[in-house]
Amino acid sequence: SYLGITWAFVQPIITVLLYWFVFQVGLGSKSLYNVPYVLWLITGLVPWFFFAEALTNATNSLLEYSYLVKKVNFSVEIIPAIKIVSNTLIHLFFIAFIIFVNLCYGRLPNFYYLQVIYYAVCCMAISLAIGLLTSAVTPFTSDVANIVSIIIQTGFWVTPIFWDPSQLTKGA
């Protein structure tokens, strides 16, 4: 691959642009809670992309680095953690991207932006916890990686990234 690490940035940006085009332009999604739809979209997608990528990479990490696992003096639980940390570096770029897009819409940073640190740490912790569990089971049952993939895909559409959560109470 000539572009290498660039794909880690290009693919999510293209995905966000496609979702924005389909849902706002094509399907006519409106602003939610006085927030432009694109800001709502990227604020939901970026953490989800991080969680999904970190968990998927952590789940498959022991299979990917099986040659290290076979070494006698090597701490195996470090491998999923390294995968999550490497995804965190890319996630930091996308947090900066969210702030940039907010600035483009005239939304200046405020005190509440500090919550990003808390949520990023929590997302890393849950990714590591689940990733350690799934990576330990995956070498024995490769179906775990497929189950994790299905759960991530289902969670993506169930979480209110594309739709207004107040729609749940409108039907009741």
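The values are calculated or read from the model by the stated rules, or taken from the named source; none is laboratory data. As the structure is a computational prediction, the values presented were derived from the model and not from experiment. Note that we place each Cβ from the backbone using ideal geometry, even for glycine, and neighbour counts take in every protein chain shown. Calculation scope for accessible area: heavy atoms of the full protein, side chains included, ligands and nucleic acids excluded. Shrake-Rupley method; radii C 1.70, N 1.55, O 1.52, S 1.80 Å.
Rounded to the nearest 20 debye, the dipole magnitude of the chain is 180 debye, with +1 charges on Lys and Arg beta carbons, -1 on Asp and Glu beta carbons, and the Cα centre as origin. For S75, the solvent-accessible surface computed with a 1.4 Å probe is close to 50 Å², ligands and nucleic acids excluded.
Note on the chain: along the principal axes its Cα atoms extend 57, 37, 35 Å, ordered by decreasing extent. Take the Cα of I5, step 7 Å toward its Cβ, do the same at N146, and the gap between the two points is 3.5 nm. Accessible surface area normalised per residue over region 27-101 is 53 Å², counting heavy atoms of protein chains with a 1.4 Å rolling probe. The GNM of the chain, with springs linking C-alpha atoms under 10 angstrom apart, assigns the highest mean-square fluctuation among W157, W48, W40 to W157.
A dipole drawn for the chain from +1 and -1 charges on Cβ atoms has a positive end, and of T138, V101, I150 the residue lying farthest that way is V101. Farthest towards the positive end of the charge dipole of the chain, among the residues Q167, T15, I5, is the Cα of Q167, using unit charges on the Cβ of Lys, Arg, Asp and Glu. Of all the options G131, G26, G155, the one that moves most in a Gaussian network model of the chain with Cα springs shorter than 10 angstrom is G26. In the chain, the portion of solvent-accessible area held by carbon and sulfur atoms comes to 71 percent [1.4 Å probe, whole percent, DNA, RNA and ligands not counted]. Membrane-span-like helices of the chain, defined as complete DSSP H segments with a Cα extent of 15 Å or more along the helix axis and a mean Kyte hydropathy of at least 1.6, are identified as 78-104, 115-137. Shown are K70, K83, whose ranking by accessible area with a 1.4 Å probe and every protein chain present, most to least, is K70, K83. Computed over region 80-172, the Cα gyration tensor eigenvalues convert (square root of 5λ each) into semi-axes of 29, 22, 11 Å, ordered from largest to smallest.
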